[in-house]
Amino acid sequence: MTWETYLLEHQSQHQDELLQFLSIPSISSLPAHAADVQRAAQWVADRLTSAGLEHVKVLATGGHPVVYGEWLHAPEKPTVLIYGHFDTQPVDPLELWTHPPFTPTIIEDRVYARGASDDKGNMFTPILGVEALLKTEGTLPVNVKFFLEGQEEIGSPQLPAFIAQHRDLLACDLVLSSDGGQYSEDQPSLMLSAKGLAAVQIDVRGPKGDLHSGMYGGAVPNPIHALVALLASLRSPEGKILVEGFYDSVLPLSEADRAAIAAVPFDSHEYQERIGVNALLAEPGYTSQEHLAARPTLEINGIWGGFQGEGVKTVLPAEAHAKITCRLVVDQNPATIVELIARHIEKHTPPGVQAAVHPLPGTAQPYLIPADHWGNRAAADVLEELYGKAPYHERTGGSIPVCELFLTQLGAYTVGFAFGLEDEQIHAPNEFFRLSSFRRGPVAYCKMLHRLAQR
């Protein structure tokens, strides 16, 4: 029996197992579901064992666990670490779900459940691919390790220390991430980069308490006016960031970079219509598409101060606040960016108020894998064989901290190799995963492991 035949003959069993997996409410952000995250970890460990992996363990991290398993009997061949996560987002607002989020429901070849696409459905596919190879060929073409975590949806807070302490256990030549997706149902893509993240809160304080706006207004500096002026000083109307030194380590886009970005279809009018705006910004010298893909950002995420209720309260507030996040590109350092913002605010704070900048948690280093990396070349070959088309080279504006973590701690680049799609409602009500993608994933992993053996 070939691995292809094995996967075909076991499709019904694998689908039933996916539904069982999806029924576990492994919400990592809610303490009430900590036992469910542990239960999901044990389910994954049991499934790795039955697939034929060895030395399978549920490992404590000081937070939610990770699951490890290995098959290391391919001397002189690369070692591939397969990454994914089995925790999920919360389900609120529950009333917007058509079916209960942890009662998986299949409709028109789609399975609806929290975690279906992000990431249980995707994460399960490499396990099935490895099982098919072991059950039919009795061996794997490369050495394989699985590293599957239960805390991705809360930022993997224990992973940096855990990976640093387990470098030998996790040592590998390449990471394949089952957390991600493709451009569309019939067009593959490879993700080359993810932006880093730096976050701050700005607190502006004026008088020692709120004041009557008639008796004090116009004479006493207003912290909200001061904050608005400070925020306006951070960026030009066109979108260029005016913080001194912000761009110092940013490399200009090469012509090849720009060509690869432009090769990905982008209809600005459709984009505007879809999100409900009538214009787009672009840093001078760059297109909006280039800015989305490969330029750093500075965005105000929230601002508050003074009276927020209905009606009018004639108050001159004592304080005002704002939260800012910056998405960063390769070679920018989050700590440096926070320091530069703090210097800018100190320099531009008007008289009569005090301003302080406080770093916020959730930083991430930017990540970039060379387009011609051997892992990318192998993935491109497999994806072109599966789809009949060469993959687009994409860059995401989001942050994927674990990729840079694997690179700095293990010296291994991460190739995204997953099959979710953008419309699958991840983090939202009625999340779903296409069962066509669930069937395609194991086939892709079998082909990918064989292709990596040719290195």
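Please treat every number below as a calculation from the coordinates, not as lab data. Source: prediction; values computed, not measured. Positions of Cβ are backbone-derived with ideal geometry, glycine not excepted, and every protein chain shown enters the neighbour counts.
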> Given the pairs Lys77/Lys447; Lys145/Lys195; Lys120/Lys145; Lys120/Lys389, which are separated by over 24 angstrom at their Cα positions?
Replying inline: Lys145/Lys195; Lys120/Lys389
> Once the Cα gyration tensor of segment 77-152 is found, what semi-axes does its equivalent ellipsoid get, as square roots of 5 times the eigenvalues, in whole Å, sorted largest first?
Replying inline: 31, 16, 7
> Which three lengths, in whole Å and largest first, does the chain cover when its Cα atoms are put on their principal axes?
Replying inline: 87, 50, 45
> What distance in nm separates the simple spin-label points at Ala279 and Glu108, each placed 7 Å from Cα in the Cβ direction?
Replying inline: 3.9
>> Can you compute the helix-only [θ] at 222 nm over the chain? Use -39500 (n - 2.57) per DSSP H run of at least 4 residues, normalise by all residues, nearest 500 deg cm²/dmol.
In response: -10500 deg cm²/dmol
>> Ranking request for peptides 50-62, 219-231: highest mean number of other beta-carbon atoms within 10 Å first, then the rest in descending order.
In response: 219-231, 50-62
>> Below 24 Å, Cα to Cα, which lysines can Lys313 reach? Residues fewer than 8 away in the same chain don't count.
In response: Lys208
> For segment 281-327, treating each Cα as an identical point scatterer without solvent, what Debye log10 I(q)/I(0) comes out at q = 0.14, 0.29, 0.31 1/Å?
Replying inline: -0.56, -1.07, -1.11
>> Please report the spacing between the Cα centers of segment 162-220 and segment 232-296 in Å, no decimals.
In response: 18
>> Applying a 10 Å radius around every beta-carbon, put 107-119, 15-27, 253-265 in order of their mean neighbour count, most first.
In response: 107-119, 15-27, 253-265
> Per the Kirkwood formula on distinct C-alpha pairs, the Rh of segment 144-236 is how many angstrom?
Replying inline: 19.5
>> Taking 2.2 N^0.38 Å as the expected size of a compact globular protein, what ratio does the Cα radius of gyration of segment 245-307 give against it, to two decimals?
In response: 1.42
> Taking Rh as the Kirkwood radius computed over C-alpha pairs, what is the Stokes-Einstein D of segment 346-455 at 20 °C in a medium of viscosity 1.002 mPa s, expressed in µm² per second?
Replying inline: 122
> Over the Cα atoms of segment 1-159, Rg to Rh with Kirkwood Rh, two decimal places?
Replying inline: 0.99
>> What would the Debye equation give as log₁₀ I(q)/I(0) for segment 176-215 at q = 0.15 Å⁻¹, counting only Cα atoms as equal point scatterers?
In response: -0.63
> When only Cα pairs under 8 Å and 6 or more residues apart are kept, what is the percent relative contact order across segment 303-414?
Replying inline: 20
> Order of 193-203, 342-352 by packing, highest average Cβ count within 10 Å first?
Replying inline: 193-203, 342-352
>> Is the C-alpha gyration tensor of segment 1-77 telling us rounded, prolate or oblate? Criteria: a/c under 1.5 is rounded; beyond that, a/b larger than b/c is prolate, otherwise oblate.
In response: oblate
> Relative contact order for the chain using alpha-carbon pairs under 8 Å, separation at least 6, rounded to a whole percent?
Replying inline: 26
